[in-house]
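So the structure is just underneath, and the comments pick up after that.
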Amino acid sequence: MNFHLSGEARPRPDIGRPIRRLITATFVSAVLSFGQAAPRPPCGQEPEPPAAALGSAPNVKFWDNSDLNRSWKPPACTGWTETGFSTLISTSGRFRYATGLEGLLRRAGAISELAGMRYWSTTRARWQALIPEAHALADAEPDHRRPDFRPDEIRDGQIVFFEQVDNLSGTAVYRLHVAVAEPDRLVFEVENVSLMSRFYVTLFHPGEIQSVYFLDREPEGVWRYYSLVRTGRNASWLAAGHASSSINRAVAFYRWLVGIPADQEPPAAR
């Protein structure tokens, strides 16, 4: 979403309202989990929340302003080192994917295909574009655009960069790190490497929007999906809260990755 100023006198906009709707950046049901047990990614133990059954909406949980948010220590397998959060969302489900790891790597590297991803805006009560524009980068410089990443470019240990325009938080450069890329397991993490602001107000410093994705193969072409998305505990208070919006945005990425239309009715939360 772009905002322009002109010399024409206009009423002062309520800049807090659109900023307060902000949430990061991944179906038909969700659970709001204030004050409940901490999330547990699938790192040698059963995940919490557990993966939903194949064909069902994923289990989604949201934490915000709870006793957990300052003391929570991320599991080592997330790759995150700082404790706490402002908001935290987990998504856990199952999907069938015929092309295996190679197909998932191609999908993860297809940055330009993020453009046009839709989500249900609870404020506007309609489907709208979450990511108007996205493209791969040769490095962390935003003007160094390149074609989408091939599967062989995002194997184990690889780090790549991309630029993405969010409809609320604007343009930012992100780093994608592939932690594991094995036939039965794919783990990758994403975080912003550029400052994010709106209306001259800083919302997130570098590294304050983080997401990590765990995909594990099960029998008969079924994959288990688990993601965590958090905003750092020092992020602007203007970006905190908004559970329904946070859930819809997280689920939009799940739908995109697994091949479900992002705007398929009904939305995860209204």
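Quick grid of which residues meet (1) part of a loop (DSSP other than H, G, I, E, B); (2) under 18 Å from the mean Cα position of the chain (by Cα); (3) modelled with pLDDT of 90 or more; (4) closer than 16 Å to Ile247 by Cβ:
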{"residue": "Pro42", "(1), (2), (3), (4)": "yes, yes, yes, no"}
{"residue": "Glu46", "(1), (2), (3), (4)": "yes, no, yes, no"}
{"residue": "Ala57", "(1), (2), (3), (4)": "yes, yes, yes, yes"}
{"residue": "Pro74", "(1), (2), (3), (4)": "yes, yes, yes, no"}
{"residue": "Cys77", "(1), (2), (3), (4)": "no, yes, yes, no"}
{"residue": "Trp80", "(1), (2), (3), (4)": "yes, yes, yes, no"}
{"residue": "Thr83", "(1), (2), (3), (4)": "yes, no, no, no"}
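With respect to Arg124, determine if the residue is closer than 23 Å to Ala262 by Cβ, surrounded by fewer than 14 Cβ atoms within 10 Å (Cβ to Cβ) and in contact with a Gly (Cβ under 7 Å, 6 or more places away or on another chain). Judged against the criteria, Arg124 is not a match.
Return only the number of the condition from (1) β-branched (Val, Ile, Thr); (2) closer than 20 Å to Glu113 by Cα; (3) surrounded by fewer than 21 Cβ atoms within 10 Å (Cβ to Cβ) that Val212 does not satisfy. Against the list (1) β-branched (Val, Ile, Thr); (2) closer than 20 Å to Glu113 by Cα; (3) surrounded by fewer than 21 Cβ atoms within 10 Å (Cβ to Cβ), Val212 comes up short only on (3). Identification of strands (runs of 3 or more DSSP E) wholly contained in the stretch 110-193 with 3 or more residues that are not aliphatic (A, V, I, L, M) yields 117-121, 126-131, 159-166, 170-182, 185-192. Restricting attention to the stretch 194-216, which residues are modelled with pLDDT of 90 or more and part of a strand (DSSP E or B)? Answer for the stretch 194-216, where residues must be modelled with pLDDT of 90 or more and part of a strand (DSSP E or B): Ile209, Gln210, Ser211, Val212, Tyr213, Phe214, Leu215, Asp216.
The values are calculated or read from the model by the stated rules, or taken from the named source; none is laboratory data. All figures in this text were calculated on a predicted structure; none of them were measured in a lab. Glycine also receives a Cβ, built like all others from the backbone with ideal geometry; neighbour counts cover every protein chain displayed.
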